[in-house]
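Step one of this worksheet: look at the structure below.
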Amino acid sequence: MKKWQKAATAAPATVLEQVIQTNTDLDMAQAKGTLLVWTVDRKAGKLTLFNFNTPNLCGALGCLYAGYWLRENQPAVEVFQNYLNPNLPASKPLFQVGENRGQALPCLEVLQMEGDRLRQLNYCFNGDRCQLTDSQLFISTMDKGLQHH
């Protein structure tokens, strides 16, 4: 399972500044200190998800996450932005790499709690941005892990 890393060491400073300015009105230095990233490397570039990791950007809908497509010698392009609830069972990751549907970027599988069950939301790149394509609701059972409902 991929771990979140400190953005300051894992992403270019110019990209961090763009992401912070576009999505927040946080103090730049403070935001750089708390920002976390999760990166998927592909031939066509990197899909980098930013976790602002601050209560300032969390509300009733969850916390703000933004995804950018990073390519060499090209400006960073925002391809995903969503408010998600990061509170999941300990062993369940918020994001996982999903299937590759022949696009430059892979699909993202996002897990969210729905009552006491888990819903997997599949966001796939359409050439422009990651859009919700489908979702599945799971019954959570302690001994068997995830099962389709």
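If only one of Leu49, Leu88 is under 30 Å from Ile139 (Cβ atoms), surrounded by 14 or more Cβ atoms within 10 Å (Cβ to Cβ) and modelled with pLDDT under 95, which one is it? Write out each step before concluding.
On the way: Leu49 fails: modelled with pLDDT under 95.
Testing whether each residue is under 30 Å from Ile139 (Cβ atoms), surrounded by 14 or more Cβ atoms within 10 Å (Cβ to Cβ) and modelled with pLDDT under 95 leaves just Leu88.
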| note | Going through (1) without any contact (Cβ under 8 Å) to a residue 40 or more places away in the chain; (2) closer than 17 Å to Tyr123 by Cα; (3) hydroxyl-bearing (Ser, Thr, Tyr) one by one, Ser91 fails only at (2)
| request: Starting from residues that are assigned to a loop (DSSP other than H, G, I, E, B) and either out of contact with any strand residue (DSSP E or B) (no Cβ under 8 Å at 6 or more places or on another chain) or among the β-branched types (Val, Ile, Thr) (or both), keep the ones in the stretch 101-142 and report whichever is modelled with the lowest pLDDT. | output: Met142
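Please go through the stretch 33-54 and pick out each residue that is assigned to a helix (DSSP H, G or I) and either among the hydroxyl-bearing types (Ser, Thr, Tyr) or under 17 Å from the mean Cα position of the chain (by Cα) (or both).
Of everything in the stretch 33-54, just one residue is assigned to a helix (DSSP H, G or I) and either among the hydroxyl-bearing types (Ser, Thr, Tyr) or under 17 Å from the mean Cα position of the chain (by Cα) (or both), namely Thr34.
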| message | Condition first: modelled with pLDDT under 95, touching a helix residue (DSSP H, G or I) at 6+ places or on another chain (Cβ under 7 Å) and surrounded by fewer than 17 Cβ atoms within 10 Å (Cβ to Cβ). Now tell me which residues in the stretch 1-27 satisfy that. | response | Ala8
| note | Log entry, pairs with first residue in the stretch 50-77 being farther than 24 Å from Asp128 by Cα, second being of a type in the set (A, V, I, L, M), beta carbons closer than 6 Å, six or more apart or on different chains, reads Asn53/Leu36; Leu57/Leu64; Gly62/Leu84
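The values are calculated or read from the model by the stated rules, or taken from the named source; none is laboratory data. Everything numeric here is computed off the predicted structure, so don't read it as measured data. Neighbour counts run over all protein chains shown; Cβ positions are idealised from the backbone, glycine included.
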